[in-house]
Amino acid sequence: MSDLLKKAKFPPYPPCAAPQKPREANDMGQPPQINSTTQTGRLQTYLRTLHELNQQQRQSQGRDKTIKEQQRELEARATLGRREPLESQIHRWWINLPPCLQQRRFQIDEIASHCYGRHREHPAIREVAAALRALGWKERRDWTNAGRNRRFWIPYLLR
């Protein structure tokens, strides 16, 4: 065991702390006096910066409140669209499409992504399918290998 300790290389001890210089004494042999005006100035600067930081924090909280209010307004507007029946949402979406896009066939996921659900952001797929059938849309499957047996919905005006 002692051989191991002799062979081990330990880092040298840290150097001792250098002795600090004593504060210079004035002519009377007393420690130098700290100027009270510099202490007051430092304290005032410190308090001023604390006050400015406090004001910035209050302003940022005020901005957060306005952002929260804006989010509430957006959610309220979105809920107005959610109260609209699904059939009218789909019809409004399809009418607002350009004529070149109205000629194509759609997957149900594409249509559901443009509608609002009753309880969630988007409606359930079965509810969209029921609404499309109520509007007169027809569903067709692409049985080819390239089509991967997907179901497409054809608008009622193109049948």
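Residue check: is Ala130 hydrophobic (A, V, I, L, M, F, W, C) and more than 17 Å from Tyr156 (Cβ to Cβ)?
Values: hydrophobic (A, V, I, L, M, F, W, C): yes; more than 17 Å from Tyr156 (Cβ to Cβ): no.
Taking the combined requirement at face value, the residue does not satisfy it.
Being surrounded by 12 or more Cβ atoms within 10 Å (Cβ to Cβ) and among the small types (Gly, Ala, Ser) narrows it down to one residue among Ala146, Ala134; which is it?
Selected residue: Ala134, the only one of Ala146, Ala134 that is surrounded by 12 or more Cβ atoms within 10 Å (Cβ to Cβ) and among the small types (Gly, Ala, Ser).
Could you list all residues from region 100-109 that are loosely packed, with under 13 Cβ neighbours inside 10 Å and in a helix (DSSP H, G or I)?
Residues satisfying the conditions are Cys100, Leu101, Asp109.
So which residues in region 77-99 are under 22 Å from Asp142 (Cβ atoms) and either at pLDDT below 90 or not in a helix (DSSP H, G or I) (or both), if there are any at all?
Leu97
Which numbered condition trips up Val128, out of (1) assigned to a helix (DSSP H, G or I); (2) surrounded by fewer than 17 Cβ atoms within 10 Å (Cβ to Cβ)?
Checking Val128 against (1) assigned to a helix (DSSP H, G or I); (2) surrounded by fewer than 17 Cβ atoms within 10 Å (Cβ to Cβ), the one that fails is (2).
For Ala146, only one of the following conditions fails: (1) among the aliphatic types (A, V, I, L, M); (2) in a helix (DSSP H, G or I); (3) out of contact with any Leu (no Cβ under 7 Å at 6 or more places or on another chain). What is its number?
The number of the failed condition is (2).
The values are calculated or read from the model by the stated rules, or taken from the named source; none is laboratory data. Just so it is clear, the structure is predicted and the values come from calculations on it, not from any experiment. Here Cβ is always computed from backbone atoms with ideal geometry, including for glycine, and neighbour counts include all displayed protein chains.
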